[in-house]
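The values are calculated or read from the model by the stated rules, or taken from the named source; none is laboratory data. What you see is a predicted model; the values in this text were computed from it and never measured. Counting neighbours? That spans all protein chains shown, and the Cβs are built from the backbone with ideal geometry, glycine included.
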Amino acid sequence: MQVIIHFSYSLSLYLYFSFDLLSAILSQPPGSVNNSIRVTEQGEMIRFKFGIPGLAVLSMDVYASAVLEATLFPAPKLQETWRSEMNRLANRAYQTYNSVVRENPDFVHYFKQITPLNALGKLSLGSRPASRRNDGTIETLRAIPWIFSWT
């Protein structure tokens, strides 16, 4: 009974993540998925996707069907208007991000107050400290505490 419940829970989680995987493969640039794709999975995801035989088969089904679909029905060629609009949006996002995160002298203090950054710095997450040095800039934060604090 425990195996069935575990499998059922894993299956529901897997179905949720498999849609993301399918979408990710199908969203690759035209021509980049041509009969194959190379994927890197982290350790815990290998166990999650391939640790139970039934889920392993489903995982391979998702990979195979996504590669077949992307190869047989590739995404439309990019139009120059799409590219120029995405560049405009990317530039605007980059400028806004920098104005908030890098150019605002109060941001680091604010970030440390509203996120669990200090608590994460006390946890043993990997072999490195949460920051390189304590000079109050974003550049000194390491990736894991920075990302975990946002989420």
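Of note:
- Test: residue in region 10-19 that is within 21 Å of the chain's Cα centre (by Cα), assigned to a helix (DSSP H, G or I) and modelled with pLDDT of 90 or more: no
- The set of residues in region 59-77 that are farther than 14 Å from residue 24 by Cβ and buried (at least 16 other Cβ atoms within 10 Å of the Cβ) contains only 74.
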